[in-house]
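Quick notes on the structure that follows.
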Amino acid sequence: TTQGVLLVHPSVPVTSVKELVALAKQRPGELNYGSPGLGGWFHISTELLAYMTKIKLTHVPYTAATSPLTALIGGHVHMMFNTTIVAHPHIKSGRLRALGTTGATREAMLPDVPTIAEAGVPGYEGSTWSAMAAPAHTPRSVIERLNKDIGTVLQTPDIRERYLAGGSTVTGGTPEQFHDILKSELDKYGKLVREAGIKAESAK
């Protein structure tokens, strides 16, 4: 599981999520945000924030993965979400300001930055994750063996430390637990896409 962080350019006159929401309500549609692709985590995390706080933001999609961060550092967009590991050096240097992290708990790399839920949007959580999958109809015995072996590897100190150094936390679990997570995520983001009217659009 990998947390993200909500970033703004220092020229944006806010120092908290509450202040950002208030500014966006004063200036509907004027604040824009960058993302490296339509429908990806960066895009949907911002739309989830907008939906939960009832603010209107303008999406500026790019096709290259690094372009929105470059645009934010240059002041060409006002805000964006990014992974903590990528954003950390820019926060530390003062080139970007961190307002909140996306996990259920604070990010170890940014202990002084509140979660977005703590910062005034109760219930917000938008971390990204990676998982292993197998083709449908794979025998149960094979699934169980793979789950056991992968789980064993993920719990070794070296692997956990490598993930932590990369800004991620090892979660693991049973196939049933992953099924529940997947269903919950599909329900959550499916509702967001429908109710917020998110549609495909052209990227730059």
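The values are calculated or read from the model by the stated rules, or taken from the named source; none is laboratory data. Note that the coordinates shown come from a computational prediction; the quantities given were computed from them, not determined experimentally. Cβ: placed from backbone, ideal geometry, glycine included. Neighbour counts: every protein chain shown. Each accessible area value is taken on the protein alone, full model and side chains, heavy atoms only, with ligands, DNA and RNA left out. Shrake-Rupley method; radii C 1.70, N 1.55, O 1.52, S 1.80 Å.
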Output for Cβ contacts, cut-off 6 Å, separation at least six or different chains, first residue touching a residue at least 60 places away in the same chain (Cβ under 8 Å) in the stretch 50-79, second assigned to a helix (DSSP H, G or I), reads Tyr51/Leu192; Tyr51/Ala196; Thr53/Val21; Tyr62/Pro68; Val77/Ala71
For the stretch 150-177, which residues satisfy the criterion of being under 18 Å from the mean Cα position of the chain (by Cα) and open to solvent by 50 Å² or more (accessible area, probe 1.4 Å)? Tyr163, Leu164, Ala165, Thr169, Thr171
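Per-residue answers, yes or no, for (1) of a type in the set (D, E, K, R); (2) assigned to a helix (DSSP H, G or I):
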site	(1), (2)
Ile143	no, yes
Val153	no, yes
Arg162	yes, yes
Gly172	no, no
Ser184	no, yes
I'm trying to understand the selection: among the residues of the stretch 127-141, which are outside any helix (DSSP H, G or I) and among the polar types (S, T, N, Q)? Ser127, Thr128, Ser130, Thr138
For the stretch 107-126 the number of residues that are of a type outside the set (A, V, I, L, M, F, W, C), assigned to a loop (DSSP other than H, G, I, E, B) and surrounded by 19 or more Cβ atoms within 10 Å (Cβ to Cβ) is 3
Which residues, counting only those in the stretch 161-175, are aliphatic (A, V, I, L, M) and within 13 Å of Met109 (Cα to Cα)? Leu164, Ala165
Filter the stretch 127-145 for residues that are open to solvent by less than 60 Å² (accessible area, probe 1.4 Å), out of contact with any helix residue (DSSP H, G or I) (no Cβ under 8 Å at 6 or more places or on another chain) and under 19 Å from Ile85 (Cα atoms) and give the result. Ser127
Here are some residues: Pro10, Pro28, Pro68, Pro61. Which one is touching a Lys or Arg at 6+ places or on another chain (Cβ under 7 Å) and under 20 Å from Leu110 (Cβ atoms)? Pro10
For the stretch 121-144, pairs from a residue that is of a type in the set (S, T, N, Q) to a residue that is surrounded by 12 or more Cβ atoms within 10 Å (Cβ to Cβ) and not in a loop (DSSP other than H, G, I, E, B), with Cβ under 6 Å and 6 or more apart or across chains, are Thr128/Thr2; Thr128/Trp41
